[in-house]
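First comes the structure, then the notes that go with it.
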Amino acid sequence: MGTAGDAAKEEIMKTFAETLERASAGWVKDGVIDEAQRSAILERHPVPAGGGSRFVGIIATVGALLFTVGVSLIIKANWEAIGDWTKIGGLVALLVAAYGAGWKLKMEGGQLVKTGDACLMIGQILFLCGIALVSQIFHLNSRPAAGVLAWWLGTMAVPWMTRAKGAQFVSIVAGLLWFGMEMGTADSWIGISRHEAAPFLSVYFLLGVALWLAGIALRATRWSDFGGMHEKCGLLVTGAALYGLGFVRHESDWQRKLMTVDASSFFALAVGAALAAGAGVAAWRHGRAEVKALAPWLALALVPVIGVVAVGSIGDGGWLWSALAWLTLFVLSVAVVRIGLETGREGWVNLGIALIAVNIVTRYFDLFGTMLEGGVFFVVTGVLVTALGIYLEKKRRALVARLRKETAP
(Lines give C-alpha, C1' and ligand atoms only; values in the text may rest on other atoms or scores of the structure.)
Protein backbone atom coordinates (compact mmCIF):
# COMPACT_ATOMS: atom_id res chain seq x y z
CA MET A 1 0.00 0.00 0.00
CA GLY A 2 2.93 2.29 0.64
CA THR A 3 4.10 1.87 -2.95
CA ALA A 4 0.61 2.52 -4.28
CA GLY A 5 0.26 5.65 -2.18
CA ASP A 6 3.65 6.93 -3.22
CA ALA A 7 2.87 6.31 -6.90
CA ALA A 8 -0.47 8.10 -6.67
CA LYS A 9 1.13 11.01 -4.83
CA GLU A 10 3.90 11.20 -7.45
CA GLU A 11 1.35 11.28 -10.27
CA ILE A 12 -0.59 14.10 -8.57
CA MET A 13 2.57 16.12 -7.94
CA LYS A 14 3.70 15.69 -11.53
CA THR A 15 0.36 16.93 -12.84
CA PHE A 16 0.44 19.88 -10.44
CA ALA A 17 4.02 20.79 -11.42
CA GLU A 18 3.24 20.59 -15.15
CA THR A 19 0.13 22.76 -14.71
CA LEU A 20 2.07 25.24 -12.59
CA GLU A 21 4.82 25.48 -15.21
CA ARG A 22 2.30 26.32 -17.95
CA ALA A 23 0.15 28.68 -15.90
CA SER A 24 3.02 30.67 -14.41
CA ALA A 25 4.12 31.80 -17.87
CA GLY A 26 0.79 33.62 -18.18
CA TRP A 27 1.15 35.08 -14.68
CA VAL A 28 4.42 36.70 -15.68
CA LYS A 29 2.87 38.11 -18.85
CA ASP A 30 -0.09 39.53 -16.90
CA GLY A 31 2.19 41.11 -14.30
CA VAL A 32 0.95 38.98 -11.41
CA ILE A 33 4.52 37.85 -10.63
CA ASP A 34 7.90 38.61 -12.11
CA GLU A 35 10.31 36.17 -13.76
CA ALA A 36 12.46 35.81 -10.65
CA GLN A 37 9.43 34.86 -8.57
CA ARG A 38 8.33 32.38 -11.22
CA SER A 39 11.77 30.74 -11.22
CA ALA A 40 11.70 30.48 -7.45
CA ILE A 41 8.26 28.87 -7.52
CA LEU A 42 9.27 26.36 -10.19
CA GLU A 43 12.41 25.46 -8.23
CA ARG A 44 10.22 24.50 -5.29
CA HIS A 45 7.88 22.48 -7.54
CA PRO A 46 9.97 20.99 -10.39
CA VAL A 47 8.39 18.61 -12.90
CA PRO A 48 9.43 15.09 -11.85
CA ALA A 49 11.58 13.11 -14.24
CA GLY A 50 10.02 10.32 -16.26
CA GLY A 51 9.47 11.50 -19.80
CA GLY A 52 9.13 7.93 -21.05
CA SER A 53 5.70 7.51 -19.46
CA ARG A 54 3.94 8.83 -22.54
CA PHE A 55 5.73 6.28 -24.73
CA VAL A 56 4.83 3.51 -22.32
CA GLY A 57 1.22 4.70 -22.40
CA ILE A 58 1.14 4.56 -26.21
CA ILE A 59 2.64 1.07 -26.24
CA ALA A 60 0.17 -0.11 -23.60
CA THR A 61 -2.77 1.34 -25.53
CA VAL A 62 -1.67 -0.29 -28.79
CA GLY A 63 -1.19 -3.59 -26.96
CA ALA A 64 -4.65 -3.31 -25.43
CA LEU A 65 -6.26 -2.70 -28.81
CA LEU A 66 -4.36 -5.61 -30.38
CA PHE A 67 -5.44 -7.87 -27.52
CA THR A 68 -9.08 -6.89 -27.99
CA VAL A 69 -8.92 -7.46 -31.75
CA GLY A 70 -7.21 -10.81 -31.22
CA VAL A 71 -9.87 -12.02 -28.78
CA SER A 72 -12.59 -10.86 -31.17
CA LEU A 73 -11.06 -12.78 -34.09
CA ILE A 74 -10.71 -15.96 -32.01
CA ILE A 75 -14.35 -15.74 -30.94
CA LYS A 76 -15.46 -14.99 -34.50
CA ALA A 77 -13.66 -18.07 -35.82
CA ASN A 78 -15.59 -20.30 -33.38
CA TRP A 79 -18.77 -18.26 -33.20
CA GLU A 80 -21.27 -20.85 -34.40
CA ALA A 81 -19.95 -23.52 -32.04
CA ILE A 82 -20.40 -21.37 -28.94
CA GLY A 83 -23.72 -21.32 -27.11
CA ASP A 84 -25.54 -18.03 -26.52
CA TRP A 85 -25.20 -18.06 -22.74
CA THR A 86 -21.58 -19.16 -23.03
CA LYS A 87 -20.95 -16.14 -25.24
CA ILE A 88 -22.57 -13.82 -22.73
CA GLY A 89 -20.82 -15.42 -19.75
CA GLY A 90 -17.44 -15.32 -21.47
CA LEU A 91 -17.87 -11.68 -22.38
CA VAL A 92 -18.93 -10.78 -18.83
CA ALA A 93 -15.86 -12.61 -17.50
CA LEU A 94 -13.58 -10.68 -19.87
CA LEU A 95 -15.31 -7.43 -18.92
CA VAL A 96 -14.87 -8.05 -15.18
CA ALA A 97 -11.25 -9.10 -15.71
CA ALA A 98 -10.47 -5.98 -17.75
CA TYR A 99 -12.06 -3.60 -15.27
CA GLY A 100 -10.57 -5.47 -12.31
CA ALA A 101 -7.06 -5.39 -13.77
CA GLY A 102 -7.48 -1.77 -14.75
CA TRP A 103 -8.58 -0.75 -11.26
CA LYS A 104 -5.81 -2.76 -9.62
CA LEU A 105 -3.05 -1.36 -11.82
CA LYS A 106 -4.38 2.19 -12.03
CA MET A 107 -5.54 2.76 -8.47
CA GLU A 108 -3.41 0.33 -6.46
CA GLY A 109 -0.45 -0.39 -8.74
CA GLY A 110 3.02 1.08 -8.65
CA GLN A 111 4.61 1.75 -12.03
CA LEU A 112 1.90 0.27 -14.28
CA VAL A 113 -0.74 2.98 -14.21
CA LYS A 114 -0.59 3.38 -18.00
CA THR A 115 -1.23 -0.33 -18.45
CA GLY A 116 -4.14 0.00 -16.05
CA ASP A 117 -5.52 2.82 -18.16
CA ALA A 118 -5.29 0.57 -21.22
CA CYS A 119 -7.16 -2.21 -19.39
CA LEU A 120 -9.95 0.21 -18.53
CA MET A 121 -10.18 1.12 -22.22
CA ILE A 122 -10.50 -2.58 -23.05
CA GLY A 123 -13.32 -2.80 -20.52
CA GLN A 124 -15.16 0.05 -22.20
CA ILE A 125 -14.82 -1.56 -25.62
CA LEU A 126 -15.97 -4.91 -24.25
CA PHE A 127 -19.02 -3.21 -22.75
CA LEU A 128 -19.97 -2.03 -26.25
CA CYS A 129 -19.39 -5.55 -27.57
CA GLY A 130 -21.71 -6.84 -24.83
CA ILE A 131 -24.49 -4.49 -25.89
CA ALA A 132 -24.12 -5.60 -29.51
CA LEU A 133 -24.03 -9.27 -28.48
CA VAL A 134 -27.17 -9.09 -26.37
CA SER A 135 -28.99 -7.20 -29.13
CA GLN A 136 -28.03 -9.88 -31.65
CA ILE A 137 -28.89 -12.89 -29.49
CA PHE A 138 -32.28 -11.62 -28.36
CA HIS A 139 -33.10 -9.87 -31.66
CA LEU A 140 -33.71 -6.53 -30.02
CA ASN A 141 -35.09 -4.01 -32.50
CA SER A 142 -33.62 -1.03 -30.76
CA ARG A 143 -32.15 1.85 -32.73
CA PRO A 144 -28.35 1.80 -33.12
CA ALA A 145 -28.17 5.24 -31.50
CA ALA A 146 -29.82 3.81 -28.36
CA GLY A 147 -27.15 1.14 -28.11
CA VAL A 148 -24.38 3.74 -28.37
CA LEU A 149 -26.15 5.84 -25.74
CA ALA A 150 -26.27 2.83 -23.40
CA TRP A 151 -22.54 2.31 -24.03
CA TRP A 152 -21.76 5.94 -23.24
CA LEU A 153 -23.89 6.11 -20.10
CA GLY A 154 -22.62 2.73 -18.93
CA THR A 155 -18.95 3.70 -19.15
CA MET A 156 -18.83 7.46 -18.65
CA ALA A 157 -18.28 7.19 -14.89
CA VAL A 158 -15.13 5.05 -15.29
CA PRO A 159 -12.67 7.86 -16.11
CA TRP A 160 -14.06 10.19 -13.45
CA MET A 161 -13.63 7.48 -10.81
CA THR A 162 -10.14 6.44 -11.91
CA ARG A 163 -8.78 9.63 -13.54
CA ALA A 164 -7.82 7.51 -16.56
CA LYS A 165 -7.16 9.74 -19.57
CA GLY A 166 -7.48 6.92 -22.10
CA ALA A 167 -10.87 5.95 -20.71
CA GLN A 168 -11.97 9.58 -20.85
CA PHE A 169 -10.95 9.75 -24.50
CA VAL A 170 -13.14 6.73 -25.25
CA SER A 171 -15.99 8.39 -23.35
CA ILE A 172 -15.64 11.57 -25.42
CA VAL A 173 -15.70 9.58 -28.65
CA ALA A 174 -18.77 7.66 -27.46
CA GLY A 175 -20.62 10.87 -26.61
CA LEU A 176 -19.83 12.52 -29.93
CA LEU A 177 -20.73 9.34 -31.82
CA TRP A 178 -24.07 9.03 -30.03
CA PHE A 179 -24.99 12.66 -30.71
CA GLY A 180 -24.21 12.25 -34.41
CA MET A 181 -26.15 8.98 -34.72
CA GLU A 182 -29.09 10.48 -32.85
CA MET A 183 -29.15 13.44 -35.22
CA GLY A 184 -29.14 11.00 -38.13
CA THR A 185 -32.19 9.11 -36.84
CA ALA A 186 -35.37 10.29 -38.56
CA ASP A 187 -37.72 10.05 -35.55
CA SER A 188 -35.24 11.49 -33.06
CA TRP A 189 -35.89 14.52 -30.90
CA ILE A 190 -32.79 16.06 -32.50
CA GLY A 191 -33.14 14.38 -35.90
CA ILE A 192 -31.70 16.09 -38.98
CA SER A 193 -32.20 15.16 -42.62
CA ARG A 194 -29.44 12.83 -43.83
CA HIS A 195 -29.12 14.84 -47.05
CA GLU A 196 -28.00 18.05 -45.41
CA ALA A 197 -24.49 18.07 -43.97
CA ALA A 198 -24.45 21.74 -42.92
CA PRO A 199 -26.67 21.35 -39.82
CA PHE A 200 -24.61 18.35 -38.68
CA LEU A 201 -21.39 20.31 -39.02
CA SER A 202 -22.88 23.34 -37.30
CA VAL A 203 -23.92 21.27 -34.30
CA TYR A 204 -20.52 19.61 -34.14
CA PHE A 205 -18.87 23.02 -34.21
CA LEU A 206 -20.81 23.92 -31.07
CA LEU A 207 -19.98 20.57 -29.45
CA GLY A 208 -16.31 21.12 -30.25
CA VAL A 209 -16.39 24.56 -28.64
CA ALA A 210 -18.09 23.03 -25.59
CA LEU A 211 -15.33 20.41 -25.27
CA TRP A 212 -12.65 23.04 -25.79
CA LEU A 213 -13.98 25.39 -23.11
CA ALA A 214 -14.69 22.49 -20.75
CA GLY A 215 -11.00 21.60 -21.00
CA ILE A 216 -10.04 25.11 -19.90
CA ALA A 217 -12.43 24.82 -16.96
CA LEU A 218 -11.13 21.37 -15.97
CA ARG A 219 -7.56 22.61 -15.59
CA ALA A 220 -8.52 24.29 -12.33
CA THR A 221 -10.25 21.24 -10.83
CA ARG A 222 -9.20 17.92 -9.33
CA TRP A 223 -9.57 16.43 -12.81
CA SER A 224 -6.98 18.72 -14.33
CA ASP A 225 -5.46 15.67 -16.05
CA PHE A 226 -8.39 15.78 -18.48
CA GLY A 227 -8.05 19.49 -19.27
CA GLY A 228 -5.46 19.29 -22.02
CA MET A 229 -7.14 16.32 -23.70
CA HIS A 230 -10.53 18.06 -23.72
CA GLU A 231 -8.95 21.17 -25.20
CA LYS A 232 -7.22 19.24 -27.98
CA CYS A 233 -10.30 17.13 -28.79
CA GLY A 234 -12.49 20.24 -28.80
CA LEU A 235 -10.04 22.11 -31.01
CA LEU A 236 -9.96 19.22 -33.48
CA VAL A 237 -13.76 18.88 -33.60
CA THR A 238 -14.21 22.65 -33.99
CA GLY A 239 -11.61 22.82 -36.76
CA ALA A 240 -13.01 19.75 -38.51
CA ALA A 241 -16.52 21.26 -38.53
CA LEU A 242 -15.30 24.51 -40.10
CA TYR A 243 -13.20 22.49 -42.54
CA GLY A 244 -16.29 20.51 -43.59
CA LEU A 245 -18.39 23.65 -44.01
CA GLY A 246 -15.83 24.80 -46.57
CA PHE A 247 -17.28 22.18 -48.94
CA VAL A 248 -20.90 23.32 -48.66
CA ARG A 249 -20.76 24.79 -52.17
CA HIS A 250 -20.36 21.26 -53.52
CA GLU A 251 -23.65 20.01 -52.05
CA SER A 252 -25.87 18.85 -54.87
CA ASP A 253 -29.07 20.39 -53.48
CA TRP A 254 -27.55 23.72 -52.57
CA GLN A 255 -28.29 25.59 -55.79
CA ARG A 256 -31.80 24.18 -56.18
CA LYS A 257 -33.35 25.02 -52.84
CA LEU A 258 -32.85 26.73 -49.53
CA MET A 259 -31.50 24.70 -46.67
CA THR A 260 -34.50 23.13 -44.94
CA VAL A 261 -34.01 23.05 -41.19
CA ASP A 262 -36.97 21.78 -39.18
CA ALA A 263 -37.77 22.22 -35.52
CA SER A 264 -35.74 19.21 -34.36
CA SER A 265 -32.70 20.55 -36.22
CA PHE A 266 -32.99 23.86 -34.43
CA PHE A 267 -33.42 21.95 -31.18
CA ALA A 268 -30.14 20.09 -31.85
CA LEU A 269 -28.46 23.43 -32.48
CA ALA A 270 -29.98 24.79 -29.27
CA VAL A 271 -28.62 21.84 -27.27
CA GLY A 272 -25.16 22.38 -28.77
CA ALA A 273 -25.35 26.10 -28.03
CA ALA A 274 -26.46 25.44 -24.43
CA LEU A 275 -23.55 23.05 -23.86
CA ALA A 276 -21.10 25.57 -25.33
CA ALA A 277 -22.56 28.37 -23.20
CA GLY A 278 -22.41 26.27 -20.03
CA ALA A 279 -18.81 25.30 -20.70
CA GLY A 280 -18.05 28.94 -21.44
CA VAL A 281 -19.36 30.03 -18.05
CA ALA A 282 -17.27 27.39 -16.28
CA ALA A 283 -14.18 28.30 -18.31
CA TRP A 284 -14.70 32.01 -17.56
CA ARG A 285 -14.58 31.26 -13.84
CA HIS A 286 -11.35 29.27 -14.02
CA GLY A 287 -9.52 30.51 -17.13
CA ARG A 288 -10.68 34.02 -17.83
CA ALA A 289 -7.56 35.02 -19.79
CA GLU A 290 -7.90 32.15 -22.28
CA VAL A 291 -11.63 32.74 -22.76
CA LYS A 292 -11.10 36.46 -23.39
CA ALA A 293 -8.39 35.67 -25.92
CA LEU A 294 -10.50 33.06 -27.75
CA ALA A 295 -13.89 34.79 -27.62
CA PRO A 296 -13.55 37.17 -30.62
CA TRP A 297 -12.18 34.44 -32.90
CA LEU A 298 -14.85 31.93 -31.92
CA ALA A 299 -17.48 34.62 -32.46
CA LEU A 300 -16.05 35.23 -35.94
CA ALA A 301 -16.15 31.52 -36.69
CA LEU A 302 -19.84 31.46 -35.72
CA VAL A 303 -20.71 33.63 -38.73
CA PRO A 304 -20.56 30.87 -41.37
CA VAL A 305 -21.88 28.32 -38.86
CA ILE A 306 -25.04 30.33 -38.21
CA GLY A 307 -25.36 31.73 -41.73
CA VAL A 308 -25.26 28.39 -43.51
CA VAL A 309 -28.21 27.15 -41.45
CA ALA A 310 -30.25 30.27 -40.70
CA VAL A 311 -29.83 31.99 -44.08
CA GLY A 312 -28.99 29.15 -46.44
CA SER A 313 -28.43 29.70 -50.13
CA ILE A 314 -28.37 33.27 -51.41
CA GLY A 315 -28.09 32.32 -55.06
CA ASP A 316 -24.30 32.17 -55.19
CA GLY A 317 -24.00 28.37 -55.16
CA GLY A 318 -22.71 28.35 -51.60
CA TRP A 319 -19.56 30.36 -52.32
CA LEU A 320 -20.15 32.91 -49.53
CA TRP A 321 -20.43 30.45 -46.65
CA SER A 322 -17.68 28.19 -48.04
CA ALA A 323 -15.27 31.10 -48.37
CA LEU A 324 -16.12 32.38 -44.90
CA ALA A 325 -15.53 28.91 -43.46
CA TRP A 326 -12.07 28.79 -45.10
CA LEU A 327 -11.21 32.26 -43.85
CA THR A 328 -12.47 31.82 -40.30
CA LEU A 329 -10.70 28.46 -39.96
CA PHE A 330 -7.43 30.08 -41.02
CA VAL A 331 -7.87 33.05 -38.68
CA LEU A 332 -8.93 30.84 -35.77
CA SER A 333 -5.92 28.56 -36.35
CA VAL A 334 -3.53 31.53 -36.29
CA ALA A 335 -5.18 32.75 -33.08
CA VAL A 336 -4.80 29.29 -31.53
CA VAL A 337 -1.07 29.30 -32.28
CA ARG A 338 -0.66 32.78 -30.81
CA ILE A 339 -2.66 32.00 -27.65
CA GLY A 340 -0.83 28.69 -27.28
CA LEU A 341 2.47 30.54 -27.24
CA GLU A 342 1.20 33.06 -24.71
CA THR A 343 -0.26 30.48 -22.33
CA GLY A 344 2.37 27.75 -22.69
CA ARG A 345 0.15 25.22 -24.48
CA GLU A 346 2.38 23.31 -26.88
CA GLY A 347 -0.51 21.15 -28.08
CA TRP A 348 -2.41 24.23 -29.26
CA VAL A 349 0.61 25.37 -31.27
CA ASN A 350 1.00 21.99 -32.97
CA LEU A 351 -2.70 21.60 -33.76
CA GLY A 352 -3.00 25.19 -34.97
CA ILE A 353 -0.12 24.73 -37.41
CA ALA A 354 -1.62 21.42 -38.58
CA LEU A 355 -5.02 23.04 -39.25
CA ILE A 356 -3.37 25.87 -41.19
CA ALA A 357 -1.49 23.38 -43.38
CA VAL A 358 -4.52 21.18 -44.05
CA ASN A 359 -6.72 24.18 -44.82
CA ILE A 360 -4.27 25.76 -47.26
CA VAL A 361 -3.47 22.53 -49.10
CA THR A 362 -7.13 21.51 -49.35
CA ARG A 363 -8.28 24.88 -50.65
CA TYR A 364 -5.49 24.88 -53.21
CA PHE A 365 -6.73 21.60 -54.66
CA ASP A 366 -10.35 22.70 -54.29
CA LEU A 367 -9.86 25.96 -56.18
CA PHE A 368 -7.13 25.18 -58.68
CA GLY A 369 -7.35 21.42 -59.16
CA THR A 370 -9.45 21.79 -62.31
CA MET A 371 -7.60 24.79 -63.73
CA LEU A 372 -4.38 22.98 -64.61
CA GLU A 373 -4.02 19.84 -66.67
CA GLY A 374 -1.87 16.75 -66.62
CA GLY A 375 1.74 16.90 -65.54
CA VAL A 376 1.84 20.67 -65.14
CA PHE A 377 -0.68 20.51 -62.31
CA PHE A 378 1.26 17.83 -60.45
CA VAL A 379 4.60 19.57 -60.91
CA VAL A 380 3.28 22.89 -59.63
CA THR A 381 1.36 21.22 -56.81
CA GLY A 382 4.33 19.14 -55.74
CA VAL A 383 6.60 22.16 -55.52
CA LEU A 384 4.07 24.28 -53.63
CA VAL A 385 3.03 21.58 -51.18
CA THR A 386 6.64 20.60 -50.45
CA ALA A 387 7.66 24.21 -49.90
CA LEU A 388 4.65 24.83 -47.67
CA GLY A 389 5.34 21.69 -45.65
CA ILE A 390 8.98 22.62 -45.08
CA TYR A 391 8.09 26.19 -44.10
CA LEU A 392 5.32 25.20 -41.68
CA GLU A 393 7.42 22.47 -40.06
CA LYS A 394 10.32 24.89 -39.54
CA LYS A 395 7.89 27.44 -38.14
CA ARG A 396 6.33 24.88 -35.83
CA ARG A 397 9.71 23.75 -34.49
CA ALA A 398 10.81 27.33 -33.92
CA LEU A 399 7.60 28.18 -32.07
CA VAL A 400 7.74 25.05 -29.92
CA ALA A 401 11.41 25.66 -29.12
CA ARG A 402 10.61 29.25 -28.13
CA LEU A 403 7.72 28.06 -26.00
CA ARG A 404 9.83 25.50 -24.18
CA LYS A 405 12.57 28.04 -23.61
CA GLU A 406 10.11 30.55 -22.16
CA THR A 407 8.50 27.99 -19.85
CA ALA A 408 11.79 26.49 -18.67
CA PRO A 409 12.66 27.38 -15.03
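What nm value, rounded to one decimal, do you get for the distance between I314 and R397 when each label is placed 7 Å out toward the C-beta?
4.4 nm
Can you tell me how much longer the chain between R285 and M107 gets when fully stretched, taken as 0.36 nm per residue apart minus their C-alpha distance, in nm with one decimal? Mind showing how you got there, number by number?
Numbers: separation 178, 0.36 × 178 = 64.08 nm, distance 3.04 nm.
Going from the current span to full extension adds 61.0 nm.
What is the sum of charges around R396, taking Lys and Arg as +1, Asp and Glu as -1, for the other residues whose C-beta is under 12 Å from the C-beta of R396? Numbers along the way, then the final one.
Working: positive: K394, K395, R397, R402; negative: E346, E393.
Summing Lys/Arg as +1 and Asp/Glu as -1 gives +2.
With each pseudo-label sitting 7 Å past Cα toward Cβ, what's the K292-E43 distance in nm, one decimal?
3.1 nm
For A323 and F67, what does the FRET efficiency come to when R0 = 51 Å and r is the distance between their Cβ atoms, rounded to the nearest 0.05?
Values: r = 47 Å, r/R0 = 0.93.
Efficiency, from the Cβ-Cβ distance: 0.60.
When the accessible area of region 187-235 is computed with all protein chains present and a 1.4 Å probe, what percentage of it is carbon and sulfur? Write down the numbers at each step before the final one.
Numbers: 1010 of 1610 Å².
With neighbouring chains kept in place, the figure for region 187-235 is 63 percent.
Could you tell me the calculated FRET efficiency between A36 and A354, based on Cβ-Cβ distance and R0 = 30 angstrom, to the nearest 0.05? Mind dumping the intermediate values first?
On the way: r = 36 Å, r/R0 = 1.19.
E(calc), rounded to 0.05, equals 0.25.
What shape does region 273-342 take by its C-alpha gyration tensor, where a ≥ b ≥ c are the square roots of the eigenvalues and a/c under 1.5 counts as rounded, a/b above b/c as prolate, and the rest as oblate?
Details: a/c = 4.68, a/b = 1.68, b/c = 2.79.
The shape class here is oblate.
Take the Cβ-Cβ distance between V92 and A186 as r, set R0 to 60 Å, and report the resulting FRET efficiency rounded to the nearest 0.05. Write down the numbers at each step before the final one.
On the way: r = 34 Å, r/R0 = 0.57.
Taking R0 as 60 Å, the efficiency between V92 and A186 is 0.95.
Expressed in nm to one decimal, what extension gain is obtained for the pair D84 and L367 from 0.36 nm per residue of sequence separation less their Cα-Cα distance?
On the way: separation 283, 0.36 × 283 = 101.88 nm, distance 5.53 nm.
Result: 96.3 nm gained on full extension.
The values are calculated or read from the model by the stated rules, or taken from the named source; none is laboratory data. Note that the structure is predicted; figures quoted are calculated from it, not measured. All Cβ positions, glycine included, derive from the backbone under ideal geometry; neighbour counts span all protein chains shown. Heads up: the accessible areas ignore ligands, DNA and RNA and are worked out on the full protein's heavy atoms, side chains in. Shrake-Rupley method; radii C 1.70, N 1.55, O 1.52, S 1.80 Å.
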